[in-house]
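The values are calculated or read from the model by the stated rules, or taken from the named source; none is laboratory data. Quick caveat: nothing in here was measured; it's all calculated off a predicted structure. Here the Cβ positions follow ideal geometry from the backbone for every residue, glycine too, while neighbour counts run over all protein chains shown.
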Amino acid sequence: MGKKRSREVDGQGDVSMADPAVDKKNEDGSDDDEDMDIVNVDFELFNYDPQIDFHGVKTLLRQLLDADAQLFDLSALSDLIIEQNTIGSTCKVDDKANDAYAFLTVLNLQVHRDKKPVAQLIEYLAERAKTDENLGAVVPELLASGKHVGLVLAERLLNMPVEVIPPMWTCLIDEIEAAVEDKEPYEFSHYLVVSRTYREVESSLDQAERKQKKAREEAELQYFHPEDEEMRKHAVASGTYEYTREGESVADSKRAFQEMGIKPCGLMMLIEAGKFPRAVQATAEYVGSAT
């Protein structure tokens, strides 16, 4: 596997990942599993390009922030991410000019705290953290302390293979190390990773008088991104929070022909900077063993 040329300004990458999961019928039209052909799909990592990546990054940010995405200036946040074109990656298929299927970046909350999209995120994350006992004991105070906290934002299309994730995270570690050597502001005390989870709940279409609180308590937490379950083990504090703009009908609207609906919620994982590389390594090992 190649490595993205992480510090190049032109943003061209050369990480290639072949996904063997795409199959094609035989030439005679049969679906025989024993004789099916394999179509390799090459995923490549690229640095951000302001001429190409705005809409793709904005779309993935909207997915990441879910019901609360409307609370933020996503255009300004997308611009800020793209400006950091040597930190983080986009993952694409076929050509750099296409929209990103996945993205990963880290923002210094202290350096950018006076910029509107970051100020919005700091206020939001501090308030949401207070709704969880574990997060509330650490995160709000840390965000107000003036320490350099790296906010990690990562999202991908739901049908993307998990194998694309380890190279993206590994590249990010290398890029941060290179940036610190160049005296750029990426030396953090902690990383705050924002992601999404969900619980299955009974739909109000099936049971008008369901006991919502009990259902939430009994439902097992599920992960949109399976690697989050492993990364969470390395956090000094982690927890989930409900979206402020999510109505009671969300479980129905996201049900998609199933008996159970899903109720998404946000996830925060606070990881000490010294433990972050090990967390990334463990995540890569977990993804490899799960596939």
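Inside segment 73-114, can you point out the residues that are among the small types (Gly, Ala, Ser) and in a loop (DSSP other than H, G, I, E, B)?
Residues of segment 73-114 that are among the small types (Gly, Ala, Ser), as a first pass: 75-76, 78, 88-89, 97, 100, 102.
Hits for segment 73-114 are Gly88, Ala97, Ala100.
Given the criteria over 24 Å from Val287 (Cβ atoms), charged (D, E, K, R) and modelled with pLDDT of 95 or more, does Glu187 qualify? It would help to see each step written out before you state the result.
Details: over 24 Å from Val287 (Cβ atoms): yes; charged (D, E, K, R): yes; modelled with pLDDT of 95 or more: yes.
Here the answer is yes, as Glu187 does meet what is asked.
Table: residues versus (1) surrounded by 21 or more Cβ atoms within 10 Å (Cβ to Cβ); (2) in contact with a Gly (Cβ under 6 Å, 6 or more places away or on another chain); (3) modelled with pLDDT of 95 or more.
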{"position": "Ala144", "(1), (2), (3)": "no, no, yes"}
{"position": "Gly150", "(1), (2), (3)": "yes, no, yes"}
{"position": "Leu157", "(1), (2), (3)": "no, no, no"}
{"position": "Met160", "(1), (2), (3)": "no, no, no"}
{"position": "Asp174", "(1), (2), (3)": "no, no, yes"}
{"position": "Glu181", "(1), (2), (3)": "no, no, yes"}
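Checking Asp53, Asp114 one by one, the residue that is closer than 27 Å to Tyr241 by Cα, charged (D, E, K, R) and either modelled with pLDDT of 95 or more or touching a strand residue (DSSP E or B) at 6+ places or on another chain (Cβ under 7 Å) (or both) is Asp114 and no other.
Restricting segment 39-72 to residues that are among the polar types (S, T, N, Q) and outside any strand (DSSP E or B), which is nearest to Ile262 (Cα to Cα)? Out of the qualifying residues, it is Gln63. In segment 111-124, is there at least one residue being farther than 21 Å from Ala67 by Cβ, aliphatic (A, V, I, L, M) and without any contact (Cβ under 8 Å) to a residue 24 or more places away in the chain? For segment 111-124, residues farther than 21 Å from Ala67 by Cβ, aliphatic (A, V, I, L, M) and without any contact (Cβ under 8 Å) to a residue 24 or more places away in the chain: absent.
When Glu218, Glu272, Glu202 are checked against the criterion of being modelled with pLDDT under 95, of a type in the set (Asp, Glu) and surrounded by 13 or more Cβ atoms within 10 Å (Cβ to Cβ), a single residue qualifies: Glu202. For segment 116-133, residues that are surrounded by fewer than 16 Cβ atoms within 10 Å (Cβ to Cβ), charged (D, E, K, R) and in a loop (DSSP other than H, G, I, E, B) total 1. Only a single criterion out of (1) part of a helix (DSSP H, G or I); (2) among the charged types (D, E, K, R); (3) buried (at least 19 other Cβ atoms within 10 Å of the Cβ) is not satisfied by Arg196, namely (1).
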